[in-house]
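Colleague: Dropping a structure here in structure tokens format, bear with me for questions.
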Amino acid sequence: MQIMDGKHVSQVVKNDLKGKVELRKKNGLKVPHLAAILVGNNGASETYVASKVKSCAEIGYISTLIRLDADISEAELLFKINELNEDFDVDGILVQLPLPKHIAEQKVIETIFADKDVDGFHPESVGRMVQGLPTYYPATPFGILLLLEHYKIETAGKHAVVLGRSNIVGRPISILLNRNSYPGNCTVTVCHSHTHNLKDICLQADIIVAALGRPEFLTADMVKDGAVVVDVGITRVEDKSKKSGFAIKGDVKYDEVAPKCSFITPVPGGVGPMTIAALLMNTYKACLAKE
Ligand code: NAP
């Protein structure tokens, strides 16, 4: 069994980007600029945005963090996004989800200009991805592709089972694994909460991507020997032994599943850091697209 070390691979990606940014600076070219909007003070969202901003600084990007109160109106938020849309210096815009209930997430997603949509959630980006056209892939699925590529995992002709069909993870990774490219060319089955015989389907999988948000859902009896398992899940569960009061759990019962796998991602340190690396790659691409 080999661990797919997202921390390591994301560092490789970041080092590469850092080198490219240094070169751009030397040549007097524009440095990538990511603008992040954080609404309210959800603990997990704070952590995610903080690590995105920190990663930008690490590799020499400019980042702007815009913090807005939880009770900001939808109109005010859309106005702010439009300001960033119009700001030539800003290459990529991300609005950290989830948003407070009174704001329509879809409206927010569709307000970001598609050419600054580094999270890859805009319907134009998704449509282009489905049609195999150049675009920004959503960061988490893109991060998973980078990980599979780094470890040279064979995907062509493999049966990939994706657990979950959300717009940000399950559905896009199912499309990307099915595309006619590498990593891709898998035969993909997408499972959700209405799927029958989920365990039997998982047992047929060469590759499993677990993105349900159900801690330790995937157990050893659901995984065939030699499978590749990608654990996307991140759930905070109460743990009084920790200083923070919680522990992070993936969707895979790691200790019992790992010995059966050829490759597996840990949580934390697997898909999470790769999501940030992919976001940084998208932002670099957005910067270049202006030239
Ligand atoms: P989501 O929007 O809640 O979607 C969960 C999906 O899982 C849904 O499609 C749901 O089915 C399915 N599902 C839930 N319970 C199920 C069950 N018992 N059997 C079969 N299917 C079930 O979640 P998400 O946004 O995709 O996130 C999934 C997990 O990934 C979360 O833990 C999240 O925190 C984590 N995440 C991690 C990263 C990262 O960077 N590592 C990024 C994004 C998300 P229905 O469609 O039928 O409801």
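The values are calculated or read from the model by the stated rules, or taken from the named source; none is laboratory data. Since the model is a prediction, treat every value here as computed from it, not as a measurement. When we count neighbours, we look across all protein chains shown, and the Cβ atoms used for this are built from the backbone with ideal geometry, even at glycine. SASA here: full protein model, heavy atoms, side chains in, ligands and nucleic acids out. Shrake-Rupley method; radii C 1.70, N 1.55, O 1.52, S 1.80 Å.
Colleague: Tell me, please, whether a residue that is surrounded by 16 or more Cβ atoms within 10 Å (Cβ to Cβ) and within 16 Å of the ligand (Cβ to nearest atom) can be found in region 74-87.
Modeller: Checking region 74-87: not a single residue is surrounded by 16 or more Cβ atoms within 10 Å (Cβ to Cβ) and within 16 Å of the ligand (Cβ to nearest atom).
Colleague: Still on this structure, please answer the following. Filter region 246-267 down to residues that are small (Gly, Ala, Ser) and under 28 Å from residue 56 (Cα atoms) and give me whichever is nearest to the ligand (Cβ to nearest atom). If you could, list the steps in order and put the result at the bottom.
Modeller: First, the residues of region 246-267 that are small (Gly, Ala, Ser): 247, 250, 258, 262.
Of the ones still in play, those that are also under 28 Å from residue 56 (Cα atoms) are 247, 250.
Numbers: 247: 13, 250: 8 Å.
It comes out as 250.
Colleague: Step by step: first the residues of region 211-221, then only those that are within 11 Å of the ligand (Cβ to nearest atom) and in contact with a helix residue (DSSP H, G or I) (Cβ under 9 Å, 6 or more places away or on another chain), then the one that is least open to solvent (accessible area, probe 1.4 Å). Which residue is that? Steps first, please.
Modeller: Pass one, region 211-221, residues within 11 Å of the ligand (Cβ to nearest atom): 211-215, 217-218.
Filter again for in contact with a helix residue (DSSP H, G or I) (Cβ under 9 Å, 6 or more places away or on another chain), leaving 211-212, 218.
Working: 211: 20, 212: 57, 218: 0 Å².
Out of the qualifying residues, it is 218.
Colleague: Also, I was wondering about something else. Give the residues of region 194-203 that are open to solvent by less than 40 Å² (accessible area, probe 1.4 Å) and not in a loop (DSSP other than H, G, I, E, B), sorted by residue number. So that I can check it myself, show each step before the final result.
Modeller: Going through region 194-203, the residues open to solvent by less than 40 Å² (accessible area, probe 1.4 Å) turn out to be 195, 198, 201-202.
Listed by number, the residues that qualify are 198, 201, 202.
Colleague: Here's another thing I want to ask about it. Go through region 260-290 residue by residue and tally those that are open to solvent by 10 Å² or more (accessible area, probe 1.4 Å), within 13 Å of residue 7 (Cα to Cα) and of a type in the set (A, V, I, L, M).
Modeller: Going through region 260-290 one residue at a time, the tally reaches 2.
Colleague: Now for a separate question. Is there a residue being touching an Asp or Glu at 6+ places or on another chain (Cβ under 7 Å) and either in a loop (DSSP other than H, G, I, E, B) or modelled with pLDDT of 95 or more (or both) anywhere in region 88-95?
Modeller: yes
Colleague: Now a separate question. Can you give me the number of residues within region 151-199 that are near the ligand (Cβ under 10 Å from one of its atoms) and touching a Lys or Arg at 6+ places or on another chain (Cβ under 6 Å)?
Modeller: Total satisfying the criteria: 4.
Colleague: In addition: Here are some residues: 63, 55. Which one is crowded, with 18+ Cβ neighbours inside 10 Å and free of Cβ contacts under 8 Å to residues at least 40 places away in the same chain? Walk me through it before giving the result.
Modeller: Values: 55 fails: free of Cβ contacts under 8 Å to residues at least 40 places away in the same chain.
Result of the check over 63, 55: 63.
Colleague: Starting from region 26-51, keep only residues that are assigned to a loop (DSSP other than H, G, I, E, B) and modelled with pLDDT under 95, then list their pairs with residues that are of a type outside the set (Lys, Arg) and within 15 Å of the ligand (Cβ to nearest atom) whose Cβ atoms are within a distance under 8 Å, requiring at least 6 positions of separation or different chains.
Modeller: Taking only residues 6 or more apart or on different chains, the pairs are 42/98.
Colleague: Something else: Return the residues of region 268-291 that are within 16 Å of the ligand (Cβ to nearest atom), touching a helix residue (DSSP H, G or I) at 6+ places or on another chain (Cβ under 7 Å) and not polar (S, T, N, Q); say none if nothing qualifies.
Modeller: 269, 270, 271, 272, 273, 274, 276, 277, 278, 279, 280, 281
Colleague: Of the conditions (1) within 16 Å of the ligand (Cβ to nearest atom); (2) open to solvent by less than 60 Å² (accessible area, probe 1.4 Å), residue 206 satisfies every one except a single condition; which number is it?
Modeller: Only one criterion is unmet by residue 206, namely (1).
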